[in-house]
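Input: a single structure, listed below in structure tokens.
Just so it is clear, none of the values below were taken in a lab; they were calculated from the coordinates. None of these values were measured; they are calculated from a predicted model. Because the Cβ atoms are built from the backbone with ideal geometry, glycine has one as well, and the counts that use them run over all protein chains shown.
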Amino acid sequence: MLKMVHIANVGPDRTAFAPVFIEALQKLGELRLVNDGAGLTDTEKSDILRESDVALLGWNAAPIPPELATSPGRLKYVCNVTGELKFMVPPEIVAAGIPVSNWGDAPAIDVAEGTMTLLLAALKDLHEQVQAIRSGRWDLDPANFGGTLFEANLGIYGCGVIGQAVIAMLRPFSPVIRVYDPFCAELPDGCIRVESLHKLFASSEIVTIHAGLTEDTTKSVTAELLALLPRHGVLINTARGAIVEQDALFAELRSGRLRAGLDVLDPDSLPEDHEARSWTNLILTGHRISRGWPTHDVPPERLLRMHRICVENLERFARGEPLRFVMDPARYARST
């Protein structure tokens with residue numbers, strides 16, 4: 001029988017480990033839920049994990065001790081129900097060859113929808129239009145506001161599962177899509193590969209960011225690159241705030257030269273009195289643009305996509321079949 005364990009820092013997250021998901025897991029084998037993992041030593045956590053075939057992770061999970069890499073006991077698979085791994089899974093585990101997977105493309109559609117929301121709102125100056133009407137004005141001067149995706153030069157920075165989902169949503173609008181991603185071996189049909197960020201920004205009126213945060217991507221969108229965008233160019237970021245030199249971007253926005261839709265910042269919030277909160281050429285969504293329907297703080301009553309991916313992988317593991325969305329050291333290093 002498959003033995004699974006989840007060690008939570010306090011208690012299992014109500015969404016990641018919803019009752020409907022726990023019920024699905026219990027149909028696959030024996031499930032042990034351990035609370036108050038934050039108070040356990042690494043040795044105590046390791047002893048618990050060695051007794052199971054699968055360690056289940058998710059929001060609020062206790063980190064896996066690195067010592068399990070050389071002495072895993074019965075543990076043969078680490079399955080993260082959610083996305084971010086690095087704060088829960090040390091690189092030693094991945095390097096040791098213990099399979100580690102996460103939710104893969106589960107959030108791609110939601111984040112892509114959020115990207116499209118910010119993109120169209122910024123491009124159409126929706127924030128400025130709303131403010132104008134609320135202040136008693138009515139129309140915006142078409143010489144200074146607006147835009148269209150039709151035949152627009154649009155750059156994609158990062159072509160993983162989210163970047164590809166965005167590209168699929170963009171197709172009906174017929175932009176010219178250029179992509180910079182040195183790790184993507186094959187681009188979606190119709191996209192133009194560029195070999196540098198400089199070429200991406202120099203050839204784009206709009207850039208959307210979907211890269212992971214790594215040493216190479218941190219602060220990679222520089223003042224020099226932003227200066228390559230034309231007047232009224234648009235930057236959208238639903239990835240990680242630290243990819244952009246924020247002071248340089250804010251300088252462009254303060255001047256009114258560029259427009260932006262930012263779901264993420266660095267750090268991921270602003271002081272209450274920060275001037276950027278009032279700029280009408282900037283839309284801020286507080287790292288929540290990808291949210292789904294309101295939950296009213298009630299756990300989901302059906303399996304979410306992240307749950308279905310986890311269950312499928314556990315079934316594959318039990319049958320000895322290849323797992324989906326497994327991290328190798330290179331992918332782990334690029335993940336966020």
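Among the cysteines of the chain, those with no neighbouring cysteine Cβ under 4.7 Å are Cys79, Cys191, Cys310. In units of the compact-protein estimate 2.2 N^0.38 Å, region 37-131 shows a Cα radius of gyration of 1.57. Go ahead and collect, in residue order, the members of region 94-125 whose backbone nitrogen is under 17 Å from a label point 7 Å along the Cα-Cβ direction of Trp293. Under 17 Å, as judged by backbone N against the label point of Trp293, lie 110 of region 94-125. Enclosing the Cα atoms of the chain in their convex hull gives a volume equal to 156 cubic angstrom per residue.
Extension gain for the segment Arg331 to Glu186, taken as residue separation times 0.36 nm less the Cα-Cα distance, is 50.6 nm to one decimal.
Normalising the average separation of contacting C-alpha pairs (under 8 angstrom, six or more residues apart) by the number of residues puts the relative contact order of region 108-284 at 22 percent. Going from the fewest other Cβ atoms within 10 Å to the most, the residues Ser255, Ser46, Ser101 appear in the order Ser255, Ser46, Ser101.
The length gained on full extension between Arg319 and Glu301, counted as 0.36 nm times the residue separation minus their Cα-Cα distance, comes to 3.7 nm. For the chain, a Gaussian network of Cα nodes joined below 10 Å ranks Glu113, Glu205, Glu23 by mean-square fluctuation, and the top entry is Glu23. Counting only DSSP H runs of at least 4 residues, each contributing -39500 (n - 2.57), and dividing by the residue count of the chain, the helix-based mean residue ellipticity at 222 nm comes to -8000 deg cm²/dmol. If you run the Gaussian network model on the chain, springs between alpha carbon atoms under 10 Å, then out of Thr115, Thr148, Thr280 the most flexible one is Thr148.
Site-free segments of the chain were taken between chymotrypsin sites (Phe, Trp or Tyr not before Pro) in DSSP loops having at most 14 other Cβ atoms within 10 Å, sites themselves excluded; the longest one is 184-336.
When each full DSSP H helix of the chain is screened for a Cα extent of at least 15 Å along its own axis and an average Kyte-Doolittle hydropathy of at least -0.5, the helices passing are 108-123.
The three principal axes of the C-alpha atoms in region 108-284 carry coordinate ranges of 52, 34, 29 Å, sorted with the longest axis first. Hey, what's the Cα Rg ratio for region 6-71 versus the globular rule of thumb, 2.2 N^0.38 Å? The value comes to 1.09. When you restrict to C-alpha pairs under 8 Å that are six or more residues apart and normalise by the size of the chain, the relative contact order lands at 18 percent. Quick one: Cα centre-to-centre distance for region 245-321 and region 9-77, in angstrom? Taking the Cα centre of region 9-77 as reference, the centre of region 245-321 is 27 Å away. With springs only between Cα atoms under 10 Å apart, run a GNM on the chain and tell me which of Thr117, Thr82, Thr41 wobbles the most. In the Gaussian network model the winner is Thr41. Here Ile236, Ile206, Ile109, Ile133 are placed in order of increasing Cβ neighbour count within 10 Å, fewest first, which gives Ile133, Ile109, Ile206, Ile236.
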